[in-house]
Amino acid sequence: HLLEEATRNLWHACPSFVGGISPEALAGVTALPVKTVQTALQHLASMSLLRQEEERFRVLEPVRTYLKPKEVVQEAFASYFLELAEGKAEADVLLAERANLIAAGEWMLNHTPQDALRLSVAVWRFWWESGDLPQGFLLITRALKAVGEHPLRTEALLGAGALAYGLRLLQEADEIGKEALERAQVTGDPMLEARAWLNWGLAAIIPVRDMESALMAKERFLQAEPLFASKDSIRGVRMARSNQLLAALKAGEVGLAEQY
């Protein structure tokens, strides 16, 4: 009750943040100017209601237990981090907000699963690049299961397949890759189909159980190359050929590998 009303309202938004609070993020959630939020956060820290850690602030757990996140704030919190992810935020920003992204995804899974699918599509490459493949795979597969049919389903499957490959989940990668290819072929989009062939090819090569698997992978990579070429995707063609090289080596085709 000693707080001014604006600061008190802002304080009630803080418990939604589980990975620390940046002034910019809290301003986005509360629709307040960043300078106003910065001043309020410093005031709350001076009263020991928050802990300041360099440029971020953290809610003390007894305070979080007392306040409890409010549903209306949780919705704004989830919307902010979805917008942040889809806005192609820099990797260092996403890394700093990792715990908040997870919390936002969890809320979406329970309340707006279609948004959870959007979030998982937007950030699966971040999970890959940051090395947190299990977290990315968990979010994207739970979202796929919760949503079912959706315009982003094929993209989500491609992300899930890549993460399954990284985690060496052979059966999951094969099932996901097959569905992604079937869906991509229906669209008539050569680039989407080429990516799906690559995705499914990786499923056959991890781990290579025998020469048959390696040859199967090579054939899938071969299917991808002309599709990439039809769209003048030099990067795609290089990816297809480098994977053909890998498959040829796994199959013991040294001469073919040298050609690649």
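For the reader, a short list of remarks on this structure follows.
- Loop sites in the stretch 79-179: GluC sites (Glu not before Pro), DSSP, at most 13 other Cβ within 10 Å: GLU90, GLU149
- Per residue, the stretch 1-107 exposes 56 Å² of accessible surface when a 1.4 Å probe is rolled over the protein heavy atoms with every protein chain present.
- For the chain, built as a Gaussian network whose Cα springs stay under 10 Å, the top-fluctuating residue of GLY19, GLY188, GLY201: GLY188
- LEU67-GLU54 pseudo-label distance in nm [points 7 Å out on the Cα-to-Cβ vector]: 2.2
- The stretch 1-116: mean projected area of Cα convex hull, nm²: 7.0
- Chain lengthening between GLU106 and ASP232 when straightened (0.36 nm per residue, less Cα-Cα): 41.4 nm
- Note on the chain: with a GNM built from Cα contacts shorter than 10 Å, the maximum mean-square fluctuation among VAL18, VAL93, VAL147 falls on VAL93.
- Selected from ALA184, ALA96, ALA104 as most flexible by GNM, with the chain as the system and alpha-carbon contacts under 10 Å: ALA96
- Three-way shape label, the chain, alpha-carbon gyration tensor, a/c 1.5: prolate
- In the full protein context, the stretch 139-260 carries 50 Å² of accessible surface per residue, based on a 1.4 Å probe and ignoring ligands, DNA and RNA.
- Cα→Cβ-extended label distance, 7 Å offset, between GLU129 and LEU249, nm: 2.5
- Of GLN38, LEU67, SER48, farthest towards positive along the dipole that unit charges on Lys, Arg, Asp, Glu beta carbons give the stretch 11-67: LEU67
- Per-residue 3J(HN,Hα) values for the stretch 163-180, derived from phi via the Karplus relation 6.51 cos²θ - 1.76 cosθ + 1.60 with θ = phi - 60°, read 5, 4, 4, x, 8, 6, 9, 4, 5, 5, 4, 5, 5, 5, x, 5, 5, 4 Hz in sequence order (x marks Gly and Pro).
The values are calculated or read from the model by the stated rules, or taken from the named source; none is laboratory data. Here the structure is a predicted model, which is why all the values come from computation and not from measurement. FYI the Cβ positions are ideal-geometry reconstructions off the backbone, even for glycines, and counts take in every protein chain you see. To get the accessible areas, we keep the full protein, side chains included, count just its heavy atoms, and leave off ligands, DNA and RNA. Shrake-Rupley method; radii C 1.70, N 1.55, O 1.52, S 1.80 Å.
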